[in-house]
Amino acid sequence: MMTNPVARAIFSVCLSLALTLSNLSLLGAQEAQPHSAQDLAPESGTGINVTTTAHATRFMVAAANRHGVRAGVEILRAGGSAADALIAVQTTLNLVEPQSSGIGGGAFLLYWNAQTKTLHAYDGRETAPAGVTQDLFLDEKGQPLKFPDASVSGLSVGTPGVVRLLEAVHQHHGRLPWSRPFQPAIDLADAGFTISPRLAALLAGDRLALARDPATRAYFLDRDGNPLPVGTQRRNPELADSLRQIATQGADAFYRGPIATDIVAKVQTDPIRPGKLSLADLAGYQVREREPVCGPYRLFVVCGFGPPSSGGVAMLEILGLLSRFDLSAIAPGSAEAAHLISEASKLAFADRNQYLADPDAVSVPVNGLLDPLYLARRSLLIDRTHAAPTPVGAGVPGLRRAALATPPDAAELPSTSHIVIVDAEGNIASMTTSIENAFGSKLMVRGFLLNNQLTDFSFRPIDDAGMPVSNRVEPNKRPRSSMSPTIVFDREAKPVLAVGSSGGARIIGHVLKTLVGVLDWGLDIQSAISLPHILNRNATTELESAATAPALAAALTVLGHQVSTAEINSGLHGIQFMKTGQLIGGVDPRREGVAEGE
């Protein structure tokens, strides 16, 4: 299942636990075709908003923009693998959805090799420059900078990882020549694309910040400083040239030479807060291949990404805490379901905030947090009749000594994108990719934006009790993330579902909701994605604005929850594998994504 015999043995144990711990009465329900939201809505009253579900039998791509999806489909039709198509999708999204991801950012990728039955986890997260100190985001008085002051500057730029990640996955899993998957994005950048409603709205909202850097201003605003409106045709010959260099010369064209020189110059000469990124940081960047984190849930094994992402561990912890409750007997959208999910989320986020960070710099108790006995004991803290006051405290997994603290003050904003690809051989790419805040640092180089991912570190290196913060800034360290690319397998180690989302720290809850929708409630992937969001990050219970939200908020308030209701913009994309061999694609109705295949 994974990349070495030990990992495969762990996966076998997970499969056994999944079968042993599950409620076997669910088996019959899972053999049936999944329900749609329309089936459940009349009984549950969820107010589900459903988009058209995509179907295919050979291959499929689900992503945040139709141009990116069509680029991926083009490569799959040409005989490319999921790895090849991933290059096409990511580089095209860089062009048409520049606010969310691109070659100036980082990503986490789960890749399932259907032939070898191995699951790979590629860490292309940004790293802190070697020249940083832990007071990077403190002002002259030793106080944390305000987020806008830190993020819209060279100070926030980490060493980008996306290009090296794409190179690594292509070397291991690519089928077409390296240069071929770049061609759709190059052609579209030369020919031009139409600015979408989402991009136009974000340009309008960030107009002042985008005006600070001359290159960014020239590309995104008109001569009078106004944001480009919906329908504007925009070419990006500079990005096309950058992609041509990478396509012909390999990833070294990005990490060494003129492109690297321009990146470093932009960061180090920022007029307000210059950054620390150097040519040596770019030349020395390495993708890490990590062990995926996998755990049992009902009759399934859920696999996610481990540290430095907190997403996989936190999601698996929530599922483990919920295992003793028969959610299949509880209606989607009900107060009971929302209460149990919120209470489990509180406990998992308490542990996340305390323990999770870059495992190359900090000892992270992944096995302890996912130990079935630890989860069983911690689950007993969930009271079905009343909400626990927040914040709840972190647990103590195993015989662990006192850990470094991690106050949850890193911004981790939601401008991110998720890509899911299944090729004709059954290989799967599930990748969450990001430049952090909308338009990243707002600094543009050679047609692409640079990330502001260093603001995902905690700004305070020491907490109020004088303890060092595990997610503090340190040289060459990777900031903690919540990105949660996920692949679910059945008891025969066959893929069931691949999914992920944008949304900052809310990503964990978005993906969790979708997993529960499919695995517990029998929804198809589209209907599960369309369910209204219910979130808790060890604070307020957050409800997405929907027709059912007022009644649900009132019921949760009676149970002791502090509730807020607002628009919550996720970016879920997923593909579900049916026993018939059919693929079902799901995209987030809150954004502009599509799923296509054949």
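The values are calculated or read from the model by the stated rules, or taken from the named source; none is laboratory data. Note that this is a predicted model, so its numbers are computed, not measured. Cβ placement follows ideal geometry from the backbone for every residue including glycine, while neighbour counts extend to all protein chains displayed. Ligands, DNA and RNA are excluded from the accessible area calculation, which covers all protein heavy atoms including side chains. Shrake-Rupley method; radii C 1.70, N 1.55, O 1.52, S 1.80 Å.
With a ≥ b ≥ c taken as the square roots of the eigenvalues of the C-alpha gyration tensor of segment 177-319, please select rounded if a/c is under 1.5 and otherwise prolate if a/b is larger than b/c or oblate if it is not? Taking the square roots of the gyration eigenvalues as a ≥ b ≥ c, segment 177-319 is prolate. Each helix, a run of at least 4 DSSP H residues, gives -39500 (n - 2.57); summed and divided by the residues of the chain, these come to -10000 deg cm²/dmol at 222 nm. Inter-part distance, segment 274-301 to segment 534-560, computed on C-alpha centroids, equals 34 Å. For the chain, a simple Cβ point-charge model (Lys and Arg +1, Asp and Glu -1, everything else neutral) yields a dipole of about 480 debye relative to the Cα centre. About its Cα centre, segment 319-367 has a charge dipole of approximately 100 debye under the convention of +1 per Lys or Arg Cβ and -1 per Asp or Glu Cβ, with nothing else charged. Apolar share of the accessible surface for segment 237-301: 50 percent from carbon plus sulfur atoms, 1.4 Å probe. A simple count of charges around Gln99, restricted to other residues whose Cβ falls under 12 Å of its Cβ and scoring Lys, Arg +1 and Asp, Glu -1, yields -1. Of the residues Ile525, Ala551, Ser501, the one whose Cα sits farthest toward the positive end of the charge dipole of segment 434-566, with +1 on the Cβ of Lys and Arg and -1 on the Cβ of Asp and Glu, is Ser501. Between the listed residues Val96, Phe182, Pro468, the Cα displaced farthest toward the positive end of the dipole of the chain, a dipole computed from Cβ unit charges relative to the Cα centre, is found at Pro468. Each of Thr118, Leu572, Leu380 was scored by the projection of its Cα onto the charge dipole of the chain, and the greatest displacement toward the positive side belongs to Thr118; charges sit on the C-beta of Lys, Arg, Asp and Glu. Residue ranking by accessible heavy-atom surface, 1.4 Å probe, largest first, among Thr540, Thr127 comes out as Thr540, Thr127. The charge dipole of segment 235-296, taken about its Cα centre with unit charges on the Cβ atoms of Lys, Arg (+1), Asp and Glu (-1) only, comes to about 120 debye.
In the full protein context, the chain carries 35 Å² of accessible surface per residue, based on a 1.4 Å probe and ignoring ligands, DNA and RNA.
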